[in-house]
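Q: First, the structure itself, so that you have it in front of you.
The values are calculated or read from the model by the stated rules, or taken from the named source; none is laboratory data. Treat the numbers as computed from the prediction; the structure is a model and nothing was measured. Every residue, glycine as well, gets a Cβ built from its backbone with ideal geometry; the counts of neighbours run over all protein chains shown.
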Amino acid sequence: MIELERLNVHFGPLEVVRDVTLRVERGRFCAVVGPSGCGKSTVLRVLAGLLQPGVARIGGLPAAPGRAAFMAQRDLLLPWRRALDNATVGAEARGLQRKEARARARSLFERFGLAGFERSWPHQLSGGMRQRLALLRTFVADLDVLLLDEPFGALDALTRRDLQGWLDTILSEPGSGHSHSHSHSPDPGTSRRTVVLVTHDVDEALLLADEVLVFSPRPATVVARVDSPYEHPRPGRLVTAGDFVQRKAAVLDALG
């Protein structure tokens, strides 16, 4: 579903990414961890079609804006639009009629823990609610690939852990949050969306993902791949299990 072949990125004389290859099968969740500034977000922007060096494909097609739902590090909610209308921004940008986009978004508010806040302004929402709304916006776009760049990075530890479990549950549901019956996927029967998550949190990576890629300091290269083969949804107490702790140690060792 996601393919990246020997990606190299330079910004002028600065080498940011070196020879990165990434393949994610349909319905799989891949997390990318690495030191700050190593090039993780750059790789995500290439997959989103916002940068176009190298060969990147989404569902067999060249990566381009609109082929994957991209959530940046900040929620980027529009302060002049109420919650419901913020949720429709991506779908409307893809050409969906406003009435249909609003109906699709409204149907997801309860599942995303936002029922009753459809007419709230962004400044009236807590940090965790803003992040849920930003994620809801990516789901309303109804794309089968989600690219998430530190979606919980600005939140306190308790809110972050709560939202990790919530996201895992949402992605584990039949249909993986698809808001209507007409999926844009070549395989409408797929039960989980395909996800790439960039994070600094090793526990978060192993709790949510099926595979964790470890990047080196800049220029980013893949220095380790660690499987996380646990059944979804995963309980938060998994972080204390011996096998989980061993996998976390392997990631930390690779990070150096």
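Q: Residue 225 passes all but one of (1) touching a helix residue (DSSP H, G or I) at 6+ places or on another chain (Cβ under 7 Å); (2) closer than 13 Å to residue 31 by Cβ; (3) surrounded by fewer than 18 Cβ atoms within 10 Å (Cβ to Cβ); which number fails?
A: Of (1) touching a helix residue (DSSP H, G or I) at 6+ places or on another chain (Cβ under 7 Å); (2) closer than 13 Å to residue 31 by Cβ; (3) surrounded by fewer than 18 Cβ atoms within 10 Å (Cβ to Cβ), only one is false for residue 225: (1).
Q: Determine which single condition residue 251 fails, assuming it passes every other condition in (1) closer than 28 Å to residue 5 by Cα; (2) of a type in the set (Val, Ile, Thr); (3) modelled with pLDDT under 95; (4) part of a helix (DSSP H, G or I).
A: With (1) closer than 28 Å to residue 5 by Cα; (2) of a type in the set (Val, Ile, Thr); (3) modelled with pLDDT under 95; (4) part of a helix (DSSP H, G or I) applied to residue 251, the lone miss is (3).
Q: Could I ask something else about it? Sort through 59, 37, 66, 27 and tell me the only one that's over 13 Å from the mean Cα position of the chain (by Cα), on the phi > 0 side of the Ramachandran plot, of a type outside the set (Phe, Trp, Tyr) and surrounded by 18 or more Cβ atoms within 10 Å (Cβ to Cβ).
A: 59
Q: If I ask for residues that are crowded, with 20+ Cβ neighbours inside 10 Å and either at pLDDT below 85 or touching an Asp or Glu at 6+ places or on another chain (Cβ under 7 Å) (or both), which ones from the range 113-131 would you list?
A: If the condition is that a residue be crowded, with 20+ Cβ neighbours inside 10 Å and either at pLDDT below 85 or touching an Asp or Glu at 6+ places or on another chain (Cβ under 7 Å) (or both), then 130, 131 are the ones that fit.
Q: Would you please name the residue that is surrounded by the most Cβ atoms within 10 Å (Cβ to Cβ), looking only at residues in the range 1-24 that are β-branched (Val, Ile, Thr) and closer than 24 Å to residue 256 by Cα?
A: Of everything passing the filter in the range 1-24, 17 is surrounded by the most Cβ atoms within 10 Å (Cβ to Cβ).
Q: Which condition from (1) surrounded by 16 or more Cβ atoms within 10 Å (Cβ to Cβ); (2) of a type in the set (Phe, Trp, Tyr); (3) without any contact (Cβ under 8 Å) to a residue 12 or more places away in the chain is the one that residue 109 breaks?
A: For residue 109, the exception is condition (3).
Q: I would also like to ask the following. Pull up the range 144-159, narrow it to residues that are at pLDDT 85 or above and hydrophobic (A, V, I, L, M, F, W, C), then point me to the one that is farthest from residue 78 (Cα to Cα).
A: Out of the qualifying residues, it is 145.
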